[in-house]
Structures are given as C-alpha cells and as structure tokens.
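See below for the structure under consideration.
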Amino acid sequence: MNGLGGHLHEDLMDGEPIRWLEHGEGSPVVLLHGIPTSPRLWRHVMPLVSGRSLALEMAGYGSSIPDGEGRDLGLTAQADRLLRWLDTVGVEAPVLVGHDLGGGVAQIAATRAPGRFSGLVLTNAVCYDSWPIPSVKAMRQAAPVLRYLPELALYPSFVQLIHRGHDDRARALESIGVHWQHYVAHGAARSLMRQVSALHVEDTIAVADQLPSLGLPARVVWGDADQFQKVEYGRRLAADLGTSLQPIPGGKHFTPEDHPEVIAAAVNELLTPPSTGTAPGRGETYGR
C-alpha cells in the first residue's frame with residue numbers, strides 16, 4: 001500500500017497508454033474521478049472498499065495529461081474508453097462509482113451498456129444541465145488567452161476552487177498538494193484549458209431520459225452543502241435511479257476526500273448480497 005491509495009498499473013489500449021490505481025481483491029469496483037483531480041481522489045476510499053477497487057485515470061487527466069493533447073476529452077469519449085478498458089483488463093460486472101465529471105461518464109457508460117455493470121454509485125456528480133459550473137464556463141471562454149499565462153498564474157484560482165469544495169480544511173490542504181502537482185508538471189494553464197474546452201453539457205442531457213429505465217441497483221450520496229453540484233440535482237438523480245438520496249449534512253463537493261467512509265459504505269452495500277426486507281441504507285442520513 002502506498003500514498004496513492006493503491007498500486008499504479010499501466011497498459012496500452014488502441015496504441016495509447018491507459019493507467020489506473022488498484023487495491024484489494026474480490027468483487028470489482030471501478031471508480032471515476034472528475035476535474036481537477038485524478039485517480040488519487042479515491043485514495044482514502046479504496047482501502048475501505050471490501051472488494052477489488054480500480055480507479056481509472058481519464059484520458060488527459062493526472063499523469064495522463066500529456067497524452068490528452070489532440071484527443072477527445074469529452075465525457076462521451078471517456079465513457080467509450082471506459083467500456084473498452086473493461087475488456088482490456090477483463091473486469092466483469094463491476095460496481096461503477098463516479099464523482100463530478102466521472103459521475104457523468106458513469107451515467108453515459110451505464111446507459112450504453114447496463115448489462116456490463118452490477119450497480120451504480122454517484123456522488124456529487126454532474127448530471128442533466130447541472131454543469132459546467134460558472135468558474136469552468138469562465139475558464140472555457142477565456143481559454144485562448146489563459147493557455148498562454150505563466151504556469152503559476154492559475155494557482156490561486158485552483159486553491160480557491162479546492163477550498164470551496166471541501167468542508168474538511170486539512171483534507172483540502174492535502175488535496176491541493178495531491179492534485180496540483182500533475183498540472184504544474186505538465187503545464188497548468190494549457191492542461192486545464194484543454195480539459196475545460198472539451199466539456200459539453202449535451203453529453204449528460206442526451207442520456208437523462210434513459211436513467212429511469214436503467215434497472216441497476218443504485219446509491220446516490222451527496223454533500224448537501226455543495227456549491228458546485230446542488231443537492232437538488234442529487235435528489236432528481238436518486239428519483240430517476242429508483243433510490244433515495246443519502247445526504248451528507250454539511251458535506252461539500254469533494255466527498256471522496258472529506259467523507260471516504262460514507263462513500264465506501266454505499267459501495268459496500270452494493271457488493272453485499274441483499275438480505276430479506278429493506279435494502280440497507282436506503283434514504284438514511286449519514287454523518288461524518
């Protein structure tokens with residue numbers, strides 16, 4: 001075990017490198033991060049999951065930032081890569097877990113191939129027309145200029161974004177160190193602009209009407225004080241997926257970092273064979 005949350009694996013897919021963190025054994029769980037993070041978003045969740053956790057690195061993010069140049073980094077393209085990667089690594093019927101953009105990727109992949117997954121967990125995920133958030137829209141509009149800024153010019157904005165998304169200050173400070181290093185190593189302004197320029201809300205709008213018919217066991221866990229992805233969207237997602245919202249009182253956006261035990265508990269419920277009576281945890285209010 002290392003500070004990454006798991007062991008880093010790398011393979012070639014379609015001639016391009018693809019990377020993921022892996023931890024544990026047993027029933028598979030695939031975890032998808034968002035922006036501006038990497039698979040290390042899940043570093044505190046993976047050790048708590050009672051199965052084999054695989055945290056995929058999306059193309060153009062984390063250590064794969066350099067590989068994103070000239071590639072489609074949109075959510076639909078990321079979902080297509082996810083499905084091909086499952087074949088590459090031979091992972092069958094995982095529980096699919098998504099946060100932020102990764103939650104949007106999870107929705108697209110699940111609607112395209114619901115039979116490939118055994119369950120779905122979404123936490124503070126983009127959905128419907130909930131995104132891009134105003135700060136990301138502003139960056140996208142300013143991309144032609146921002147990409148030429150000095151590397152440290154975006155650091156104050158990055159720090160502010162991370163702090164606004166955390167209710168645990170210590171985890172926020174840790175998160176800044178964990179996630180900024182990939183940007184500063186690979187050209188922060190250019191990297192962020194490449195990522196935000198690829199974001200299109202049409203990707204999640206296109207699959208919204210398919211969510212109610214997915215038929216997958218689901219959990220929707222949401223920091224109810226999130227300023228980026230409002231809890232009302234979480235309630236709508238839960239209703240469409242046939243489950244009850246599991247709120248985290250006072251929780252903000254980066255729930256896998258601030259509240260890993262809550263996220264892991266939701267995942268583990270879907271890994272556990274259902275018992276007679278009510279499924280565990282449906283609609284329960286979780287604390288820290």
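Overall, the anisotropy analysis places region 122-206 in the oblate class: the square-rooted eigenvalues a ≥ b ≥ c of its C-alpha gyration tensor yield a/c not less than 1.5, with a/b not exceeding b/c. Summarising the strand pairing of the chain, around 30 percent of its internal DSSP beta bridges are antiparallel. Estimated at 0.36 nm per residue, the fully extended path between Asp129 and Glu202 surpasses their Cα-Cα distance by 25.5 nm. The orientation-averaged projection of the convex hull spanning the C-alpha atoms of region 176-224 amounts to 5.9 square nanometres.
Report the far tail of the P(r) of region 14-152, meaning the percent of Cα-Cα pairs longer than 26 Å. Looking at region 14-152, the distances longer than 26 Å represent 23 percent of pairs.
Note: relative contact order over region 25-141, using C-alpha pairs below 8 Å and six or more positions apart, is 26 percent. For region 172-268, the solvent-accessible area with a 1.4 angstrom probe is 33 square angstrom per residue. For the options Ala265, Ala218, Ala59, a Gaussian network treatment of the chain with springs between C-alpha atoms closer than 10 Å singles out Ala265 as fluctuating the most.
Ignoring ligands, DNA and RNA, what percent of the 1.4 Å accessible area of region 65-158 is carbon and sulfur? Carbon and sulfur atoms account for 55 percent of the accessible area of region 65-158. Sequence-ordered 3J(HN,Hα) estimates for region 55-60 from the Karplus curve with 6.51, -1.76 and 1.60 and θ = phi - 60° stand at 9, 6, 8, 5, 4, x Hz, glycine and proline given as x. Using the Cβ-Cβ distance between Ala153 and Arg112 with R0 = 35 Å, the FRET efficiency computed as 1/(1 + (r/R0)^6) comes to roughly 0.35. Using the alpha carbons alone, the radius of gyration of the chain stands to its Kirkwood radius in an Rg to Rh ratio of 0.93. For region 155-208 and region 1-53, write down the distance between their C-alpha centroids in whole Å. Rounded to whole Å, the Cα centres lie 18 Å apart. The largest accessible area among Leu73, Leu245 belongs to the first residue in Leu245, Leu73, and the rest follow in falling order (1.4 Å probe, all chains).
Segment Thr88..Glu261, full-extension length gain: 59.3 nm, with 0.36 nm per residue of separation and the alpha-carbon distance subtracted.
Taking 7 Å steps out from each Cα toward its Cβ at Gln227 and Val145 produces label points 2.3 nm apart. For region 125-175, just say rounded, prolate or oblate: build the C-alpha gyration tensor, square-root its eigenvalues into a ≥ b ≥ c, call rounded for a/c under 1.5, and beyond that prolate if a/b exceeds b/c, oblate if not. Note, shape of region 125-175 comes out oblate. Average accessible surface for region 1-154: 36 Å² per residue, computed with a 1.4 Å probe over protein heavy atoms with every protein chain in place. Here the Gaussian network model covers the chain, with springs between Cα atoms less than 10 Å apart; of Gly60, Gly251, Gly187, Gly187 fluctuates the most. If you run the Gaussian network model on the chain, springs between alpha carbon atoms under 10 Å, then out of Gly215, Gly90, Gly74 the most flexible one is Gly90. How would region 19-96 be classified by its alpha-carbon gyration tensor: rounded, prolate or oblate, with rounded meaning a/c under 1.5 and the a/b versus b/c comparison settling the rest? Note, shape of region 19-96 comes out oblate.
The values are calculated or read from the model by the stated rules, or taken from the named source; none is laboratory data. Note that this is a predicted model, so its numbers are computed, not measured. When we count neighbours, we look across all protein chains shown, and the Cβ atoms used for this are built from the backbone with ideal geometry, even at glycine. For accessibility, only protein heavy atoms count, side chains too; no ligands or nucleic acids. Shrake-Rupley method; radii C 1.70, N 1.55, O 1.52, S 1.80 Å.
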